[in-house]
1. Would you check which residues across the range 421-442 are over 30 Å from Thr298 (Cβ atoms) and either surrounded by fewer than 18 Cβ atoms within 10 Å (Cβ to Cβ) or free of Cβ contacts under 8 Å to residues at least 12 places away in the same chain (or both) and list them?
2. Scanning for something under 24 Å from Ser290 (Cα atoms) and either buried (at least 18 other Cβ atoms within 10 Å of the Cβ) or acidic (Asp, Glu) (or both), does the range 443-457 turn up at least one residue?
3. Hey, does the range 340-359 have a residue that's loosely packed, with under 13 Cβ neighbours inside 10 Å, touching a residue at least 12 places away in the same chain (Cβ under 8 Å) and not assigned by TED's automatic domain parsing to the domain that holds Leu436?
4. Inside the range 544-569, can you point out the residues that are surrounded by 18 or more Cβ atoms within 10 Å (Cβ to Cβ) and more than 27 Å from Glu534 (Cα to Cα)?
5. Return the residues of the range 576-595 that are free of Cβ contacts under 8 Å to residues at least 60 places away in the same chain and surrounded by 22 or more Cβ atoms within 10 Å (Cβ to Cβ); say none if nothing qualifies.
6. Take the range 660-675 and flag every residue that is surrounded by 16 or more Cβ atoms within 10 Å (Cβ to Cβ) and outside any strand (DSSP E or B).
7. If the requirement is being charged (D, E, K, R), more than 18 Å from Leu307 (Cβ to Cβ), surrounded by 14 or more Cβ atoms within 10 Å (Cβ to Cβ) and under 33 Å from the mean Cα position of the chain (by Cα), which of these qualifies: Arg362, Arg385?
8. Kindly indicate whether any position in the range 632-647 is part of a strand (DSSP E or B), modelled with pLDDT of 90 or more and touching a Pro at 6+ places or on another chain (Cβ under 9 Å).
Amino acid sequence: MSSSNTVYSVPGAYTPPLAKLTVPQLKALCKERKITGYSKLGRQALVQKLVESGLCFADTSHSGTPSTTPAERAPPDATTHTSTAASQPVSATASRPPSIAPTSTPSLVVPEDASTPPIDVRGLPSAPSPITVSTVQAEYGTPSPCVSQAPTLARNAPTSRPSVTAKKRIRPSIETMPPPPAKKQRILSSSSTANVQPSPAPVTAMPCKPPASVVMTPTRTRVPVTPTRAVPVSAPAPATVSASAKRFKPLVVNKAKISALSTPAQSSASASVSSTAPVHLLALTEKPLSSLQDFEATVPALRPITLPPSLAHRKRVQSWAVILSGLSDKERAACALVSRAFRYAVYLSASCILTQQYQGRRLQDDVLRKHSQAMTNMWPYLRARQAEVGQRRRVYETSFLARILQRCGLANPVSSRLWASPDSSKQLLVVIRFVLTRAWFELSVRTSPGGATDANSWLHGTIVDAQEVVAGEVWLVSVEYASPRPREVFYVLEATCEVVGRPSPPRFRPEDAIPSSPGSVSLPVRADWSAYIEQRREAPPGSTSPPPLLAHLKWAGVEDYYQGISKLWLKKVVGEGRLGDRKRMVAERYVLACVVGNGISGQWMTTNEMAQEFAGLPERVAAPPGRQKSSALNLYLPEHHHVESVHFTSAGGKDLHVALAVVQTPHREYYILRDNGMQVGCEEEGVAAVWREVLRCDAKGLPTST
């Protein structure tokens, strides 16, 4: 290594680097130091003149680092190099660095058990440290005269001439300088960390860096330490401290090279993932399908539109509103800043979106009949309806019904229009329950609406409409198929969505009157059901309405049961609040699901005939020939299915699957579906195997992880 890469420094002095000075500045410096013969010299010759006169120089490659000062500025107690070390040959100094004689000034001592881990110094930028002594390179060239005269100049320092830098700013002596913070310690390499000896002496500021092979101690003896292995000196990196800096800036360690340490961004990212993971799992928890009704949107308070434009500027506002209804919320927010007319059009675009996606009786009854579209801010109502649709979709998509239908190939059993429940808030609930009942008949009874020729016909239809015929009791559901098969319309019960029959064709459009495909099951509405529906539908609002559906139910044990449910248990669940109401609704669904089948469809029978047939006994009294049977609606619940109690937990107190409930009857327990009351298991056998696979539960109805 050439001498141009060596920086000689004397403690206690600080001068600007000569390499950065211009020729006029160098000449001024020569004139100040009374050097002759410099007027026609170049930059390098001027620098050489200044060096020969006793002014030390800084390395040109270390731009931005403080240059060294003349030896005569060194204080009397500063550590200096001996003249013998400077007079040794190059080969000798390269193999054995000179020792530094310690003085009374205590040096930096790092304990052996320091908590700072060893870091590879090859990846760190080279910068001067204020707490080290002067540096002696491993490969030395011919020493400068300023170093060879150091012992003599150090003793005669008070009588020497100060440098230019010293004239501008007088630096305090080492004794008067405050000690640096204890946390700013020198970073040592792994090879030199083991060579550091502990010492209780306080740390004082030192201007330069000592060689790694020498350790300074408070005593006046030299302690040379042999390094375990030589650390190769790489090319000098750009310095991070400017020449005009008044305070030392700590060395910045590049932590990217240390793989064992993680960055704050990674730790914060992992913390955010761990904190949001429970929320995400909670959001995906399966809920009963009956909870769809819990997310019904309430009508918020609507206010008039503020700052509308004048009537002359509203000519094209309606057209703009239609265009803005197709943009995103961010784009509409930007358009609202254009002008008052565009802002007004953004307000009206909410009405356009409601008309396109939520058109129905709910929109008319909630908003349009009470407020003016031209002067009312419809955005709060639109947000409420959008939140309702989003929450209901999440409940369905996390349910077992969506999972089994996707597995069977029916991804969208409900049309996109019905997700908004346009005509009734219960519209989507009835549609989903109808899909569940069709799946139950296919999996448990093995009956398909397409008959034996098309066993998978229930997987090909999409429900496109559902209208309430009798409030709280009967609905009209329309199913459309992609194939040339015509649309099917059914009367279903709201509680169980069991099909009562098909309406008469003349009451509907001609396409609904097309005969069913060959092999399909014909379900005409019986006379008793048809008469009941007509009576309930056409009853005047002010008059006494006909009795409800459960009023036609017949059961045994009238003293202890009300509509087939234990009176004692009904009094008990009243005190359970909302949970008791849900249990009572499940009990009513179970009662309607367990009535004798002839009360819903098939051959019309009286209550006595159904009781005799269910008991396996012959009919007691035969109907006289030629006598026309009555068209009264008869529903019979056998004594075997009377409800003693309903439970949502097992015998051990654990919660059942959210889709299951246990019904205690006078003879046994039954596992049923909460949403339609259909049986899926009994006390002896537990939940059926097919439903255990569908629901992902065990035989006792407890949910499983798989």
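The values are calculated or read from the model by the stated rules, or taken from the named source; none is laboratory data. Small disclaimer: the values here were computed from a predicted structure and weren't measured. Glycine gets a Cβ as well: all are built from the backbone with ideal geometry, and neighbour counts include every protein chain shown.
1. Filtering the range 421-442 for residues over 30 Å from Thr298 (Cβ atoms) gives 438-442.
Across the range 421-442, the qualifying residue is only Phe441.
2. If we filter the range 443-457 for residues that are under 24 Å from Ser290 (Cα atoms), which is where we start, we get 443-445.
Now drop any that are not either buried (at least 18 other Cβ atoms within 10 Å of the Cβ) or acidic (Asp, Glu) (or both), which leaves none.
Looking for residues that are under 24 Å from Ser290 (Cα atoms) and either buried (at least 18 other Cβ atoms within 10 Å of the Cβ) or acidic (Asp, Glu) (or both), one finds none in the range 443-457, hence no.
3. Step one: list which residues in the range 340-359 are loosely packed, with under 13 Cβ neighbours inside 10 Å, which gives 356.
Okay, now just the ones that are also touching a residue at least 12 places away in the same chain (Cβ under 8 Å), so 356.
From what's left, not assigned by TED's automatic domain parsing to the domain that holds Leu436: 356.
Checked against the condition, which is being loosely packed, with under 13 Cβ neighbours inside 10 Å, touching a residue at least 12 places away in the same chain (Cβ under 8 Å) and not assigned by TED's automatic domain parsing to the domain that holds Leu436, the range 340-359 yields at least one hit.
4. Tyr561, Ile565, Ser566, Trp569, listed by residue number.
5. Of everything in the range 576-595, just one residue is free of Cβ contacts under 8 Å to residues at least 60 places away in the same chain and surrounded by 22 or more Cβ atoms within 10 Å (Cβ to Cβ), namely Val595.
6. So the first thing to find is which residues in the range 660-675 are surrounded by 16 or more Cβ atoms within 10 Å (Cβ to Cβ), and the list is 660-665, 669-675.
Correct list: Thr665, Arg674, Asp675.
7. Numbers: Arg362 fails: under 33 Å from the mean Cα position of the chain (by Cα).
The match here is Arg385.
8. Initial filter on the range 632-647 (part of a strand (DSSP E or B)): 635-637, 643, 645-647.
Those left that are additionally modelled with pLDDT of 90 or more: 635-637, 643, 645-647.
So of that shortlist, the ones also touching a Pro at 6+ places or on another chain (Cβ under 9 Å) come out as none.
No, the range 632-647 contains no residue that is part of a strand (DSSP E or B), modelled with pLDDT of 90 or more and touching a Pro at 6+ places or on another chain (Cβ under 9 Å).
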